[in-house]
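The values are calculated or read from the model by the stated rules, or taken from the named source; none is laboratory data. This structure is a prediction, so every number in the text was calculated from the model and none was measured. Cβ placement follows ideal geometry from the backbone for every residue including glycine, while neighbour counts extend to all protein chains displayed.
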């Protein structure tokens, strides 16, 4: 295939990325993750495995947490995408971002944007009502630095409940 | 990844037509398996047909009370659907035992049926694999085969089907609705996936020009006594070493109808309806469950690395059935086994 | 020596936190330049043999591809091995990417595709076809370990085992209680979350700016300068954020070489990022076979300690780590024999992985101690307490401190150890067998040479600079704390400049040295700034500090004042103004005290307590509680310190239960080279963990009293888990990891 053919194969899409509409031409074999980390220069979304096995690339697509490494960008025409950069910025952090800072819910920080986007998805899904459920429903995000208990603390804090409250609610 | 042409289908007819025009093309829904495999160069379709826009995202109750689940209903939407939770909690539980929340948000019902094995050798284009490259041999036989099949294997292939959802669907006798150029047809779930035999390249009985459009579940069964119990190497986000979908219809402690489907042990969700039928009228107790487990595993054969799966499967069957009988199904977020 | 702290010793949140949580902290692959090129590596699919032919024509014809490099067209590089040896290289001939057709390990790079886009590089890489002449590889340590040998040349910085002392064999033969056991550990893989990557910004034929995933920017700089004959003044290596490394980033990786090579050859900026699979072939924790024999008298006093270890290494380098020495210094015993050997396999050279050597050796020792306790019928904690020693018998040296008794006491109390029933299989919870196990952990508290600079500016801003690295350990934050403390300014007023090879020299971030070494250098530089300020103040007319000595003055509230009377002093801004200066900067240098080291040696210690629950029928195992009590000297930041220990515990649980590279020994290939099948612990595997830092005052380990925390958290954890499994099941599992199949197979016998 010639370069011209490859360009001819680029397909126009319109996405809303962190609140801004973007008109893009993407080749079909470009993943959302590589689109973000490459041409969009939004490297907050991380590549840890590129195969849906680590969760570092988690973003919100139409409000739902998804592994961006397994989404071909071309399939997302019309979608609304929120990355970590869209959740909050230094000086104006999202409550989850602030809680991660407060609880030292990271070390190297590489899995962190994925953890936070995943936690945002977890909260809007509304299926976690106990610490055990937080752990189960965050298990798609690996953290090799082992910050798991601090991450659970951070999420629990933002959910505005302690494990005691959870227990009472369950009883 | 190899480059490919991209077609976006707008309706089922369009997708079927595109597939008919190029039966080597692959349908792309959630992408959680196909894109993964394309990146590993395990699958390299020249054409990808995006079916995400097809109107197959509903769960509807049909007139006869059966349930129809569109092929594009996401795993998460399925697991948390109130009707599914109420009427088919075994299915909801099995879905939640699989993958991760992110993957369940993206993965679809139809895609789950069609997901490929996790065999290391299948995933590695440099290894021999009769499923990936017919005639090249099987690397797993005599190799690293801890995660491989103990039932229904062949000299060509010892791969397993990796799904959790399908294990529950097998237990529930779901029906797969498929559409091709000649229209729609139904495939009973137990006939959908196949054993490897000497053609392990075929995972299922879908024709190359057909697509899955929906699943049907017959009216309510087993909402009271069921359990999905999955045993794996870590406590979440891992494929099953062994999983069991167990369901019982009981009356006064006696079995009216019993279903056991096994995951992680064969090229397809494993069931033995004959052995199940023989349980009718027997007490729903451990002795019966053990007998059934032993019947199910009668032909089991280890490959060295996975010999442990035979006793593991027996014990897991008994435990899952005990959970089902006592009305205390395994809850997937609970890590202690009930 | 230490003033009461306002900020050091306080649980300050990481100063780089807001950047990390918002995706604004750029890692090695996250630097951009229009028109930069992307590389993708093709790796070998055999473990041993040679490339017969390699066909790159399809890849070269692929749209967007600029060039494909193989051993047939690779630009020349240094000839001598010494030029390829990085700062922590073991003895041998370092691997040279794309140099020869020989294949030394599965996953060895055989080609580099450079293209205009990432996707073009990735997709063209799949079109490179290689024909191999494969040889039969040997990758099974259990097969080759009888051919083990004592490495002729020792690895620098790694102490070989001490000479035998006493009469260990005789003492063993005559002792009341004896155990001898063999422990096997499969190879482990670091798997930091960030993929190894290098971004090279090409400025001209000589000048490069390189963003590398490394634990030492200067180590990477020296490596590429040596290999490509570049002037170290022309090359800047940066590693502002490192997405975990755990030792895998100590030695430069092939992507660094390849990215620089392509950049120099093509005169373009180049980025090369590895795949997860590629990372499995590099720097792994070696598989090992260890035999430990312990003997005790009727009272439980150790009479003999013998520990023999064989570890895997590659065919081209003798990787070594300190595995058996721990057994000679852990407990009091006058008869000891410790030996360490290597056996070669057809794999890449293993390397340092979190607590290298100790994680492996202490696993065996502490499992054996548990076995001995069972043999005697003594509580495992009591056995350890009984044999406590405040001395290093290996080197005949005193210890700078050892608060291990406090670790035992406080850890046991927090865990409730005294509620433990002695007999195995005696504690239950429903379907679960419950087990409690414990272990001691040890790690060296080392210091390396480190330099730093500290600047105080007239506006009250402090700048701390050193080439140190923060791999998630909290270096940014603790250096800011030290700077803030020294000048009595808020932490926000401190700018920490690290992660840049042009900054003052430090070693690689490893061995838990950084806080002690760079932290001390910063403190010394800060003291020097204060001394300079005092000199200047004393030059001022009618200086109230005219007779003060540097020891008598402190900085408080923007003034240099007498410690005993803050009223007497001069504003720092006035001091600087008096010299018409806007700032003052001084260097500081810290390193091990050689004189002291003749007499003293320093270690960190831990006591780890673990509860497991194991489903008796199914073998499903859960770690349900962990208490880790740590003696590591002064804790600069309890928040980041705790995180380091948590991380060690989690990796230790993985080591005990999950982690192993599964090799098909027929082909020598790692088959589970991905994060779906190489299982690291996930959220659901990890319960709430309790970390206790015991009080430990140490004025010798380092000038700032710090001992280091990066490794101690993992040491002992896997044996505590294994010992808990024994307590739960009554079965000794000596082959790690203890996966569910092993537990189930043993439970079948009950």
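Looking at C:44, C:48, C:53, which is the one that is away from every other protein chain (no Cβ under 11 Å) and surrounded by 16 or more Cβ atoms within 10 Å (Cβ to Cβ)?
Working: C:44 fails: away from every other protein chain (no Cβ under 11 Å); C:53 fails: surrounded by 16 or more Cβ atoms within 10 Å (Cβ to Cβ).
Every option except C:48 fails the conditions.
Given the structure, is residue C:472 surrounded by fewer than 24 Cβ atoms within 10 Å (Cβ to Cβ) and at positive phi? Spelling it out, it is not the case that residue C:472 is surrounded by fewer than 24 Cβ atoms within 10 Å (Cβ to Cβ) and at positive phi. Out of everything in the stretch C:211-244 that is within 16 Å of residue C:274 (Cα to Cα) and in a strand (DSSP E or B), what residue ends up being farthest from the chain's Cα centre (by Cα)? Step by step, filter the stretch C:211-244, then rank; the result is C:211. Elements of the type helices (runs of 4 or more DSSP H) sitting completely within the stretch A:54-162 and holding at least 3 residues that are in contact (Cβ under 8 Å) with a residue 24 or more places away in the chain, within 15 Å of the chain's Cα centre (by Cα) and facing another protein chain (nearest Cβ under 7 Å): these cover A:112-125.
Hey, can you tell me all the residues within the stretch B:130-148 that are touching a residue at least 12 places away in the same chain (Cβ under 8 Å) and either more than 18 Å from the chain's Cα centre (by Cα) or not in a loop (DSSP other than H, G, I, E, B) (or both)?
Going residue by residue through the stretch B:130-148, those that are touching a residue at least 12 places away in the same chain (Cβ under 8 Å) are B:130-132, B:134, B:138-148.
If the condition is that a residue be touching a residue at least 12 places away in the same chain (Cβ under 8 Å) and either more than 18 Å from the chain's Cα centre (by Cα) or not in a loop (DSSP other than H, G, I, E, B) (or both), then B:130, B:132, B:134, B:138, B:139, B:140, B:141, B:142, B:143, B:144, B:145, B:146 are the ones that fit.
The set of residues in the stretch B:284-299 being surrounded by 23 or more Cβ atoms within 10 Å (Cβ to Cβ) and either in contact with a strand residue (DSSP E or B) (Cβ under 7 Å, 6 or more places away or on another chain) or within 11 Å of another protein chain (Cβ to nearest Cβ) (or both) consists of B:284, B:292, B:296. Within the stretch B:223-234, the set of residues being within 13 Å of chain C (Cβ to nearest Cβ) and either surrounded by fewer than 21 Cβ atoms within 10 Å (Cβ to Cβ) or under 20 Å from residue A:51 (Cα atoms) (or both) comprises B:232, B:233, B:234.
Could you identify the single residue in B:159, B:126, B:155 that is within 12 Å of another protein chain (Cβ to nearest Cβ) and part of a loop (DSSP other than H, G, I, E, B)?
Working: B:159 fails: within 12 Å of another protein chain (Cβ to nearest Cβ); B:155 fails: within 12 Å of another protein chain (Cβ to nearest Cβ).
Just one listed residue meets the conditions, B:126.
Here the condition is being more than 30 Å from residue C:397 (Cα to Cα), surrounded by fewer than 24 Cβ atoms within 10 Å (Cβ to Cβ), assigned by TED's automatic domain parsing to the domain that holds residue C:429 and in contact with a helix residue (DSSP H, G or I) (Cβ under 8 Å, 6 or more places away or on another chain); of C:690, C:660, C:695, it holds for C:690 alone. Residue C:259 meets the conditions (1) touching a helix residue (DSSP H, G or I) at 6+ places or on another chain (Cβ under 7 Å); (2) assigned by TED's automatic domain parsing to the domain that holds residue C:83 in every case but one. The failed one is (1). Examine the stretch C:195-202 for a residue that is within 14 Å of another protein chain (Cβ to nearest Cβ), in contact (Cβ under 8 Å) with a residue 40 or more places away in the chain and in a loop (DSSP other than H, G, I, E, B), and state whether such a residue exists. Yes - at least one qualifying residue is present in the stretch C:195-202.
How many residues are surrounded by fewer than 20 Cβ atoms within 10 Å (Cβ to Cβ) and either at the interface with chain A (Cβ under 8 Å from one of its Cβ atoms) or touching a residue at least 40 places away in the same chain (Cβ under 8 Å) (or both) when one looks only at the stretch C:20-40? Let's see the steps before the verdict.
Restricting attention to the stretch C:20-40, the residues satisfying the condition of being surrounded by fewer than 20 Cβ atoms within 10 Å (Cβ to Cβ) are C:24, C:26, C:32-36.
Restricting the remaining residues to those that are either at the interface with chain A (Cβ under 8 Å from one of its Cβ atoms) or touching a residue at least 40 places away in the same chain (Cβ under 8 Å) (or both) gives C:24, C:26, C:32-33, C:35-36.
Counting residues in the stretch C:20-40 that are surrounded by fewer than 20 Cβ atoms within 10 Å (Cβ to Cβ) and either at the interface with chain A (Cβ under 8 Å from one of its Cβ atoms) or touching a residue at least 40 places away in the same chain (Cβ under 8 Å) (or both) gives 6.
For the stretch C:615-625, a residue qualifies if it is over 31 Å from the mean Cα position of the chain (by Cα) and more than 9 Å from chain B (Cβ to nearest Cβ), and exactly one does: C:616. Residues that are within 14 Å of chain A (Cβ to nearest Cβ), surrounded by fewer than 22 Cβ atoms within 10 Å (Cβ to Cβ), touching a strand residue (DSSP E or B) at 6+ places or on another chain (Cβ under 8 Å) and under 30 Å from residue C:496 (Cα atoms): does the stretch C:239-249 have at least one? Yes, the stretch C:239-249 contains a residue that is within 14 Å of chain A (Cβ to nearest Cβ), surrounded by fewer than 22 Cβ atoms within 10 Å (Cβ to Cβ), touching a strand residue (DSSP E or B) at 6+ places or on another chain (Cβ under 8 Å) and under 30 Å from residue C:496 (Cα atoms).
Filter the stretch B:194-220 down to the residues that are in a loop (DSSP other than H, G, I, E, B) and closer than 20 Å to residue B:109 by Cα and list them by number. Before the answer, list the steps.
Going through the stretch B:194-220, the residues in a loop (DSSP other than H, G, I, E, B) turn out to be B:194-203, B:205-210, B:218-220.
B:194, B:202, B:203, B:205, B:206, B:207, B:208, B:209, B:210, B:218, B:219, B:220, listed by residue number.
Elements of the type strands (runs of 3 or more DSSP E) sitting completely within the stretch B:10-118 and holding at least 2 residues that are in contact (Cβ under 8 Å) with a residue 60 or more places away in the chain and under 23 Å from the mean Cα position of the chain (by Cα): these cover B:67-70. Looking only at the stretch C:216-228, decide whether some residue is in contact with a strand residue (DSSP E or B) (Cβ under 7 Å, 6 or more places away or on another chain) and free of Cβ contacts under 8 Å to residues at least 40 places away in the same chain. Yes, there is a match, as at least one residue in the stretch C:216-228 is in contact with a strand residue (DSSP E or B) (Cβ under 7 Å, 6 or more places away or on another chain) and free of Cβ contacts under 8 Å to residues at least 40 places away in the same chain.
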